[in-house]
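Input: a single structure, listed below in structure tokens.
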Amino acid sequence: MIQKLIRWRYYFLFGAFLLWMLFFDNNNLFYRISIANEISDLQDMKAFHLKELDRLNRQRSELSGNERNLEKFAREKYHMKRDNEDLFIIVRDSAETK
């Protein structure tokens with residue numbers, strides 16, 4: 001009996017090591033998977049923010065060069081108006097647009 005255990009000792013040690021690395025170690029398999037998912041999410045966020053930054057830089061360059069575009073942007077985005085104007089904002093229901 002002991003002879004068989006001695007013959008299989010490397011397999012037992014490898015199995016114990018594998019169990020330790022998969023479940024009990026600080027850098028276990030589940031921690032590694034969660035870190036990989038977090039890295040993937042952060043890379044997606046980085047790509048989104050880079051696209052948004054590019055869009056905002058293009059918008060800034062369009063607005064800084066032309067006074068008329070700047071006024072149009074202020075009126076549409078921030079509902080600004082001149083002193084002698086009245087501003088009417090029409091809000092549509094979300095059920096109406098569907």
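Descriptive notes on the structure:
- For beta carbons closer than 6 Å, sequence separation of 6+ or different chains, a first residue in region 53-76 that is at negative phi and a second that is of a type in the set (Phe, Trp, Tyr), the qualifying pairs are LEU63/PHE73.
- Evaluation of ILE33 against the conditions (1) loosely packed, with under 10 Cβ neighbours inside 10 Å; (2) more than 26 Å from LEU87 (Cα to Cα) shows that the sole unmet condition is (1).
- Residue tally, condition modelled with pLDDT under 80 and small (Gly, Ala, Ser), over region 66-96: 2
- Some residue of region 36-54 being more than 24 Å from the chain's Cα centre (by Cα) and of a type in the set (S, T, N, Q): no
- Residues in region 1-35 that are under 33 Å from the mean Cα position of the chain (by Cα) and of a type in the set (Gly, Ala, Ser): SER34 alone.
The values are calculated or read from the model by the stated rules, or taken from the named source; none is laboratory data. Everything numeric here is computed off the predicted structure, so don't read it as measured data. Using ideal geometry, Cβ is built from the backbone for each residue, glycine included, and neighbour counts are taken over all protein chains shown.
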